[in-house]
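Student: My questions all concern the structure below.
Coordinate-derived values only; no laboratory data. What you see is a predicted model; the values in this text were computed from it and never measured. Glycine also receives a Cβ, built like all others from the backbone with ideal geometry; neighbour counts cover every protein chain displayed.
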Amino acid sequence: MAKSIDVSDLNIYYGDFLAVEGVNMTITARSVTALIGPSGCGKSTFLRTLNRMHEVIPGARVEGKVLVDGQSLYDSAVDPVEVRRMVGMVFQRPNPFPTMSIYENVLAGLRLNNKKLSKSDADAVVEKALRGANLWNEVKDRLTKPGMGLSGGQQQRLCIARAIAVEPQILLMDEPCSALDPISTSAIEDLIHELKEQYTIVIVTHNMQQAARVSEDTAFFNLAGAGKPGRLVEMNPTKKIFSVPDEEATEAYISGRFG
Amino acid sequence: MSTVTTGTGSPKRRLGDLVFANLTRAAGLTILIALAGVGIFLTVEGIPAFGAGPDDLKGHSNLLTYVAPLVFGTLLAAVIALLIAVPLALGVALSISHYAPRRIAAGVGYLVDLLAAVPSVVYGLWGIAVLGPKLVPVYKWLASHFDWIPFFAGPASNTGRTIFTASIVLALMVLPIVTAITREIFAQTPRLNEEAALALGATRWEMIRLAVLPYGRSGIVSAAMLGLGRALGETMAVAMVLSASGVVTWNLISATNPSTIAANIALTFADATGTARNALIASGLVLFLITFVVNFSARAIVSRYEPGSK
Amino acid sequence: MTDLAPAPTERAARSIKNPRLPQYAPLIALVVAVAASALLGLTLGWGVIPIGIVAAIFYLIGLTTWSRIIENARAATDRLVTSLVWVSLTIALIPLVSLLWKVIDEGKGALNGKFLTYSMRNVIGEPGGIYHAIMGTLLITLAAAVISVPIGLLAAVYLVEYGAHSQLARWIRFLVDVMTGIPSIVAGLFAYALFSLIVGPGTQFGIGGGVALSILMIPIVVRSSEEMLKLVPADLREASYALGVPKWKTILKVVIPTAMAGIITGVTLAIARVIGETAPLLIICGATDSVNLNLFHGQMASLPVFIYGSYTQPGSNPEILKQMAWGAALILILIVMALNILARVLGKLFSPKTGH
């Protein structure tokens, strides 16, 4: 079942450089949490620490705790591979595997663990995931065609289908609509509304209206100053953030006076 | 002929531009002429060999039966070299592109370049003086335990100067080019695809299998073919290491070995006279054609996937 | 969504904790593998190489099995591949180390003043020198460079500035790539066939070697110069055109000087590549024991051919000549390395100027 996330005193470093400082945050299960803030404030970096994808960047490391339903992600016994199965991720730009068909793209994650997936099981998983990503009706007749042949918005939904096919608990989205046109964006936002029934969703977005439309809670990140680390300024229900935020900096950012 | 019409910045065509443009084009055409010249002159000087008799062909009755065993040896040595070099090169390329920390990767890349900088004649020295003798016990062991496999039928060579040793030296010599091309392609794998795989819970190897290898498939094929081209034409290392008698055999570890076209030319050219030299040139033409086809195909595969060239 | 087929994995049952090997597990496995192999090898009296091979096999099997038992099949595969990658790197570098060590070890004894300043003329029963071979190599390579650099550079200018996307330029570009794969011995035969027809049958002289080496060198010069010319920013050309400078002057006065450092680096690397070539010189230059400084007449010695000849046909004093071959090999490697380092230094020194 979908899980909640507790972050306490999280510091993120690139080598010796402290990129994000002292984040404390609780993310509710089965809801959408938006991370907003100016470029370079560390929100994407923070997002990546929730499934240990920051480890892909040489020299990146964290201090502090991230608990998913009480399990710490950074215990020595924890396998990052398992973390990423539990916490799925959708990226800024659609990234289907170029050499694979739509069908194989959806199954890519599942095939890693289930070498002998039966044809009927595989068909069922593909249909379920594509339906879950609101893509089934558009692609059901061309499942064997390359995933790269789809439009940008369809590719992004294919990536979401690929992510939910492994049945994660949590879905991280790193500006999933920034490379898409308004119609595709709206399709993805509708999808996010449906997905939160099943998944805990954390979404990074530069688009304030999007944060207001899709999320229950919003966290505002900002830089403490030029060359200083990013930090979490305020986290509150989205309604509150966009009407009466606690912090002046938040209001300044949202009303466009800054950033 | 098409005239040069790329933007010149000045509307009027000046004499200087005309001269210089044609000069550079002449240089380009010279290269094509030189390439054609290689084929033409080898053909002209090779033709007399068709009338050659056993005296000029080391006892073979005609040119075909003279060249055929050499082609066999050339292909055999090159294919074995490739079987050794390609897996090794993929490992080295991956270690540089995906496994080693950046600083070590740069050093490793430099060492592999160093491997390419060693002249072939020095590889030959090393093959005779170091590698061959070291392999003698291995060949003896293979001959006594695996003589039922035709490749290891023995009797094992006492000097280690076998076609297998020659192939290992060849493998080392083609390793740098295969490594250089594959590592370049591996490093170009879109980061987005790598992250997609990792975010699905792939291990590093699974990520490579899902994102890196499919992306680099055509590059690996063409790198292997370019390596094959090098191995087919490499001369001195084989000429020095191999104790060749020109037979056709699958036995890789004995003292009687097939020769290769290139090695045969290098070994016998100085003492050959008249039509015998023409025969060697004719065999060189065969080698040129084989390597041309291999390189042509390899480059065709590469250029098909290069951005901007359609 | 539960009405569809049951998912192959139970969703809530997964734990993110897997039993894992300690971080230093590969190191432990390596130490144990080497120790076990050494123990076995010493009792059975093996040499260093069999011990090394068996240690590598022990390591691969040991670490994979360990991971398979403690971790899981996927982790074990991952560790196996990681180990294979490192093992293949080791295998690839051992010959390099062995080769360099052998050349230095055998060659250093031959080096002395006489070695570098005497030829082999009338030398019998004592070590001579390789002056004639060094001079031959330098002259032949110089000839090759004199032929290759203008043709290669002009062709590169054509490809970048004039031909661009024309059919002819595409063919030249493609065939230049194909030409990089021409076997060196074929280049030698070409030069031999060419001069047999022009000068006379069986002609062997230094300039023929220059021609043969340029067949190998031109493609390298073209490709590296082309890359360098492409790096010159377009606004530099446009700025020059805007001043009313004709295109050919722009190329000669702006484009080529801007790319000069890179071009010199490329040419240096090309020289390093052909200076060690043996096969073509064996065919077209022959060999001699005397100093011959005339490229256009008579057989000419060169370092690679000297090494080959001295080692494979040492005559009556094999020990002396073989040692000289190693010494010459050491000199040849030093020359090639020096050229490579020089190219790198030149590249580093001037690279910021290209504005890239």
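Student: Please work out the ratio of the alpha-carbon Rg of region A:43-170 to 2.2 N^0.38 Å and round it to two decimals.
Tutor: It is 1.14.
Student: Place +1 on the Cβ of every Lys and Arg and -1 on the Cβ of every Asp and Glu in region B:15-305, take the dipole about the Cα centre, and give the residue among B:Phe186, B:Ala117, B:Val174 whose Cα lies farthest towards its positive end.
Tutor: The Cα lying farthest towards the positive end belongs to B:Phe186.
Student: Let me ask something else. Taking only Cα atoms, what is the 0 to 90° angle, nearest 10, from helix C:48-70's long axis to the longest principal axis of chain C?
Tutor: In chain C, helix C:48-70 runs at an angle near 40 degrees to the longest axis.
Student: Among the lysines, select those whose C-alpha is under 25 Å from the C-alpha of A:Lys228, and discard any that sit fewer than 8 residues away in the same chain.
Tutor: Counting by Cα, and skipping residues close in sequence, A:Lys228 has these lysines nearby: A:Lys43, A:Lys65.
Student: By the scheme Lys and Arg +1, Asp and Glu -1, what is the net charge of all other residues having a beta-carbon under 11 Å from that of C:Ile263?
Tutor: Net charge around C:Ile263: -2.
Student: Quick check on the protein assembly as shown: helices-only [θ] at 222 nm, where DSSP H runs of length 4 and up contribute -39,500 (n - 2.57) each and the sum goes over total residues. Nearest 500, please.
Tutor: -19000 deg cm²/dmol
Student: Please state, to two decimals, what the Cα-based radius of gyration of region C:35-105 comes to when divided by 2.2 N^0.38 Å (N = residues).
Tutor: Normalised Rg, Cα atoms only: 1.36.
Student: Turning to a different aspect of this structure: Round to a whole angstrom and tell me the spacing of the C-alpha centers of region C:294-308 and region A:97-166.
Tutor: Rounded to whole Å, the Cα centres lie 66 Å apart.
Student: Now, a different point. Just report the Cα centroid separation between region C:13-62 and region B:230-309, whole Å.
Tutor: If you average the Cα positions of each part, the centres end up 41 Å apart.
Student: Could you please state, rounded to a whole Å, how far the C-alpha centre of region B:102-129 is from the C-alpha centre of region A:209-257?
Tutor: Here the answer is 57 Å between Cα centres.
Student: In debye, nearest 20, what is the charge dipole magnitude of chain B about its Cα centre with +1 on Lys and Arg Cβ and -1 on Asp and Glu Cβ, if you could check?
Tutor: On the way: 20 positive and 13 negative charges, 176 e Å.
Result for chain B is approximately 840 debye, rounded to the nearest 20.
Student: Out of A:Ala124, A:Val62, A:Phe91, whose Cα points farthest toward the positive end of the dipole of region A:52-150 (charges: +1 Lys, Arg; -1 Asp, Glu; placed on Cβ)?
Tutor: So the residue furthest toward the plus end is A:Ala124.
Student: Please list the non-local residues whose amide H lies under 5 Å from the amide H of A:Ile203, H modeled 1.01 Å from N, same-chain partners needing a gap of 5 or more.
Tutor: A:Thr33, A:Ala34, A:Leu35, A:Met173
Student: Moving on. If amide H atoms are built 1.01 Å from N in the plane of the peptide, which residues on other chains or at least 5 residues away come under 5 Å of the amide H of B:Asn257?
Tutor: B:Ser245, B:Gly246, B:Val247
Student: In debye to the nearest 20, how big a dipole does region C:29-116 give about its Cα centre with +1 on each Lys and Arg Cβ and -1 on each Asp and Glu Cβ?
Tutor: Numbers: 6 positive and 4 negative charges, 23 e Å.
In debye, rounded to 20, region C:29-116 gives about 120.
Student: Of all chymotrypsin sites (Phe, Trp or Tyr not before Pro) in region A:171-233, which ones are in loop regions per DSSP and have a Cβ with at most 11 other Cβ atoms within 10 Å?
Tutor: Within region A:171-233, no chymotrypsin sites (Phe, Trp or Tyr not before Pro) qualify (loop, at most 11 other Cβ atoms within 10 Å).
Student: Enter the angle in degrees (range 0 to 90, nearest 10) between the Cα long axis of helix C:206-231 and the first principal axis of the Cα atoms of chain C, meaning the one along which they spread out most.
Tutor: 60 degrees
Student: Would you mind giving the average projected area, over all directions, of the Cα convex hull of chain C in nm² with one decimal?
Tutor: With every direction weighted equally, the projected area is 32.3 nm².
Student: Taking every residue in A:186-192, how many Cβ atoms of other protein chains lie within 10 Å of its Cβ, on average? Please list the in-between numbers first.
Tutor: Values: counts 0, 0, 0, 0, 0, 0, 0.
For this peptide, the per-residue mean of nearby foreign Cβ atoms is 0.
Student: Where in chain B are the helices, taken as whole DSSP H runs, whose Cα atoms extend 24 angstrom or more along the long axis and whose Kyte-Doolittle mean reaches at least -1.0? All intermediate terms of the calculation are to be shown ahead of the outcome.
Tutor: Working: long enough: B:15-46 (44 Å, 1.51); B:63-94 (45 Å, 2.40); B:163-187 (34 Å, 1.95); B:213-233 (30 Å, 0.75); B:275-305 (45 Å, 1.19).
Qualifying helices, which must be both long enough and hydrophobic enough, are B:15-46, B:63-94, B:163-187, B:213-233, B:275-305.
Student: Using the Karplus equation 6.51 cos²θ - 1.76 cosθ + 1.60 (θ = phi - 60°), what ³J(HN,Hα) coupling, rounded to whole Hz, does each residue of region C:159-174 give in order, writing x for Gly and Pro?
Tutor: Ordered by residue, 3J(HN,Hα) equals 5, 8, 9, 10, x, 6, 9, 5, 4, 4, 4, 5, 5, 4, 4, 5 Hz.
Student: Where both residues lie in region A:5-254, what percent of DSSP beta bridges are antiparallel, nearest 5?
Tutor: In region A:5-254, DSSP labels about 55 percent of beta bridges as antiparallel.
Student: In terms of the Cα gyration tensor, with a ≥ b ≥ c the square roots of its eigenvalues, is chain B rounded because a/c is under 1.5, prolate because a/b exceeds b/c, or oblate?
Tutor: Oblate.
Student: Okay, moving on. Mind running the shape call on region A:5-254? Use the C-alpha gyration tensor, a ≥ b ≥ c as the square roots of the eigenvalues: rounded below 1.5 for a/c, prolate if a/b tops b/c, oblate otherwise.
Tutor: prolate
Student: Sorted from largest down, what three extents in whole angstroms do the Cα atoms of the protein assembly as shown have along their principal axes?
Tutor: Computed over the protein assembly as shown, the largest-to-smallest principal extents equal 100, 85, 56 Å.
Student: Determine the dipole magnitude for the protein assembly as shown: charges of +1 sit on the beta-carbon of Lys and Arg, -1 on that of Asp and Glu, nothing else is charged, the reference point is the Cα centre, and the result goes in debye to the nearest 20.
Tutor: 920 debye
Student: Of C:Ile320, C:Thr117, C:Val149, which is farthest on the positive side of the dipole of region C:117-354, counting Cα position, with +1 on Lys and Arg Cβ, -1 on Asp and Glu Cβ, and the Cα centre as origin?
Tutor: C:Val149
Student: What is the antiparallel percent of DSSP beta bridges lying wholly in the protein assembly as shown, to the nearest 5?
Tutor: Bridges in the protein assembly as shown are about 55 percent antiparallel.
Student: Follow-up. Any idea what angle helix C:131-157 forms with the longest principal axis of chain C, computed on alpha-carbon atoms, 0 to 90 degrees, nearest 10?
Tutor: Tilt relative to chain C: about 80 degrees.
Student: If I build a Gaussian network model for chain A, linking alpha-carbon pairs within less than 10 angstrom, which residue out of A:Ser215, A:Ser76, A:Ser186 has the largest mean-square fluctuation?
Tutor: Result for chain A, Cα springs under 10 Å: A:Ser76 fluctuates most.
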